[in-house]
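The values are calculated or read from the model by the stated rules, or taken from the named source; none is laboratory data. A quick note: this is a predicted structure, and the numbers were derived from the prediction, not measured. Glycine also receives a Cβ, built like all others from the backbone with ideal geometry; neighbour counts cover every protein chain displayed. Quick note on the areas: whole protein, heavy atoms, side chains included, nothing else; ligands and nucleic acids left out. Shrake-Rupley method; radii C 1.70, N 1.55, O 1.52, S 1.80 Å.
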Amino acid sequence: MLALIAYYQQRIKTSFIVQSQYRVALAIWMIGLVLEPVIYLVVWRTVAESSGGQVGGFTPGGFAAYYIVLMVVMHLTQIWHMWEMEYLIRDGTMSGRLLRPIHPIHQDVSENIAYKVLMLIVVVPATLFLVVVFQPEIQTSLWAVLLFLPAILLAAMLAFLVGWLVALAAFWTTRTLAINEFYFISMFFFAGQVAPLELLPDFIRRIADLLPFRWMLSFPVELFLGRLNPQAALEGFSAQVIWIGLAWLALRWVWTQGVRRYGAVGG
Amino acid sequence: MAVIQVDNLRKVYQVHQREAGLGAALKSLLVRKMDEVRAVDSLSFQVEVGEVVGFLGPNGAGKTTSLKMLAGLLHPSGGEAKVLGYTPERRERGFLSQITLVMGQRNQLVWDIPAIDSFELNRAVYRIPLSDYKRTLDELTHLLGLEPILNKPVRNLSLGERMKCEIAGALLHRPRVLFLDEPTIGLDVTAQKRIREFIAEYNRRHEAAVLLTSHYMADVEALCKRVIVIHHGKLLFDGDLSDLVAKFAPTKTISIHLEDDRADLSAYGEVISREEGQITLRVPRAETTRVTTRLLADMPVTDFTVQDPPIEDVIETVFAEPDATALKVN
């Protein structure tokens, strides 16, 4: 365990050094991260204002709160490794990782953590800026705010495991774009990105409850904004834990099968 | 004691076959014809502690596939391999901590940072105690002449400098078994020589077993007493390099120096060069003694040498045979 901590320290330090060299790329990623929720926020505010002040219980200030918190949670739960895995496998770079006596997932976990921490330098001021500009309204309770942090941690774990599982498709196909797109479209609808899940038709909400996506993004946001009663919060945490267990089991199995299939291309 | 034990090792790839053209492409959406390619076919050999073995064969012979199976990257389709008593494809920590595979130029180093930072990362990965790490790093720095390049970002290094850093990174944990796939490829003669000397020195100091592939015969001649030759995934020869030449080189070359370099020597053998009194003949290996005796008796020879052909030519002869497996001797 101590050895693993030492590895994480070293790897996160290295990731800081590497990532901070690409300031322009980081800036572009950040603009994307901020811009997406701002677009939805502006659209939904306009809809709310033109429909007599609110839509399904969301006021313009409510939408502002929803999308600003969503942006923060999106940053803290994001995973991009499915875009890299295809290259690592197709190009044979995965070989170098497989030769080391440590599971390759640890490298991605530490890079993921490093990026999220590094980018707080931009996410925090961006959030404050949006708060000043869009004047969010939040009516929540202390317990909900306190539980926000564990909900985010579990959401980030779940998102990472599911994302990595999706990434492993690259062991079977060298054209993972379609699979990745399917994953992100699912997030778009079922994780509360295009609209708060409360505003979607009943049957979509029921599907969303059965899939992992809500628990990866929307749930911590709903919790923070005080839109869940204690029972719904408990159900949410249970869903997160169950999905983490399932994803972990699936990941172990798929990883073993994938490595068995691995072609170790190239020199 | 054998550190590498290979018994009937096989690797079969399923390859999707398709004819050219749009029609075939559309058809392949529905029905796919798969072909089997036997990359490694019933390969058996063993390598002892401290041995340096050259692993030779033309492109596509199955050398790299074999090395990847032995390093645990590929799962064999059949047979068995044991390295240091471990089954490679299980990729246990104890196994991975004691081996290394150097291939190409991009295994050990993080592109954007100085090599020394990547080495630190390897220290954490391999759990190398600080004192051991410092000692090994000093040794590698000295042997490979890394001092001036350790603190430069890897992307700013030349090919040779990068390869030296790759090799250092691959050896920080002092592996007992080294799989080296073309470690000198693309390097200039000086860098090749340095890496060659280094491998010999590492082998001597640490009694590490080395299995090495190279297209540069100078590497093989300098490092490997024993060679394993494979072709189409099958073992063709396993033995001393000198025996390979004796068995597969059908000819020898005789160079003689004559006062009169216009003499007709075609009766003795095939004349392959004639330069300022120096004449080189190619003769069948079995005829060498007889031809030499006759030449010395018949001609006013002032100097002569008998040589095996260059190892490159021998290897070329071996692989040029239409059915190379017919030449199998072991």
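Filtering the range B:155-176 down to residues that are away from chain A (no Cβ under 12 Å) and aliphatic (A, V, I, L, M), which residue is farthest from B:Pro58 (Cα to Cα)?
B:Leu157
Go through (1) in contact with a strand residue (DSSP E or B) (Cβ under 7 Å, 6 or more places away or on another chain); (2) in a loop (DSSP other than H, G, I, E, B); (3) more than 9 Å from chain A (Cβ to nearest Cβ) and name the single condition B:Asp112 misses.
Only one criterion in (1) in contact with a strand residue (DSSP E or B) (Cβ under 7 Å, 6 or more places away or on another chain); (2) in a loop (DSSP other than H, G, I, E, B); (3) more than 9 Å from chain A (Cβ to nearest Cβ) is unmet by B:Asp112, namely (3).
Residue pairs, Cβ under 8 Å, 6 or more apart or interchain, first in the range B:122-141 and within 10 Å of chain A (Cβ to nearest Cβ) and in contact (Cβ under 8 Å) with a residue 12 or more places away in the chain, second of a type in the set (Phe, Trp, Tyr) and crowded, with 16+ Cβ neighbours inside 10 Å. List them.
Taking only residues 6 or more apart or on different chains, the pairs are B:Arg123/B:Tyr133.
What about A:Leu246, is it open to solvent by 70 Å² or more (accessible area, probe 1.4 Å), within 30 Å of A:Tyr87 (Cβ to Cβ), without any contact (Cβ under 8 Å) to a residue 40 or more places away in the chain and of a type in the set (A, V, I, L, M)?
Spelling it out, A:Leu246 is indeed open to solvent by 70 Å² or more (accessible area, probe 1.4 Å), within 30 Å of A:Tyr87 (Cβ to Cβ), without any contact (Cβ under 8 Å) to a residue 40 or more places away in the chain and of a type in the set (A, V, I, L, M).
Which pairs have Cβ atoms under 7 Å, sit 6 or more apart or on different chains, and link a residue in the range A:101-121 that is of a type in the set (Gly, Ala, Ser) to one that is part of a helix (DSSP H, G or I)?
A:Ser110/A:Tyr8; A:Ser110/A:Arg11; A:Ser110/A:Ile12; A:Ser110/A:Ser15; A:Ala114/A:Ile12; A:Ala114/A:Ser15; A:Ala114/A:Phe16; A:Ala114/A:Gln19
Would you call A:Arg214 touching a residue at least 12 places away in the same chain (Cβ under 8 Å) and basic (Lys, Arg)?
It is true that A:Arg214 is touching a residue at least 12 places away in the same chain (Cβ under 8 Å) and basic (Lys, Arg).
Quick check on this structure: which one of A:Leu88, A:Leu70 is out of contact with any Leu (no Cβ under 6 Å at 6 or more places or on another chain) and modelled with pLDDT of 95 or more?
When all the criteria are applied, what remains is A:Leu70.
Out of (1) open to solvent by 30 Å² or more (accessible area, probe 1.4 Å); (2) under 18 Å from A:Ala167 (Cβ atoms), what's the single condition that is false for A:Pro212?
Here A:Pro212 clears every test but (1).
Can you name the residue in the range A:88-107 that is more than 13 Å from B:Leu73 (Cβ to Cβ) and of a type in the set (Val, Ile, Thr) and, of all such residues, is nearest to the other protein chains (Cβ to nearest Cβ)?
A:Ile102
Would you mention how many residues in the range B:81-104 are within 11 Å of chain A (Cβ to nearest Cβ), open to solvent by less than 10 Å² (accessible area, probe 1.4 Å) and either touching a residue at least 24 places away in the same chain (Cβ under 8 Å) or at positive phi (or both)?
Final tally of qualifying residues: 6.
Can you tell me which residues in the range B:29-61 are away from chain A (no Cβ under 14 Å) and farther than 30 Å from B:Ile99 by Cβ?
Once the filter is applied, which keeps residues that are away from chain A (no Cβ under 14 Å) and farther than 30 Å from B:Ile99 by Cβ, the range B:29-61 yields B:Leu30, B:Val31, B:Lys33, B:Met34, B:Asp35.
Hey, could you check the range A:34-62 for residues that are more than 19 Å from A:Thr127 (Cβ to Cβ) and of a type outside the set (Gly, Ala, Ser) and say which is least open to solvent (accessible area, probe 1.4 Å)?
Here is the first cut: in the range A:34-62, the residues more than 19 Å from A:Thr127 (Cβ to Cβ) are A:43, A:46-59.
Remaining after also requiring of a type outside the set (Gly, Ala, Ser): A:43, A:46-47, A:49, A:54-55, A:58-59.
Details: A:Val43: 79, A:Thr46: 78, A:Val47: 55, A:Glu49: 108, A:Gln54: 95, A:Val55: 32, A:Phe58: 1, A:Thr59: 45 Å².
So the residue we want is A:Phe58.
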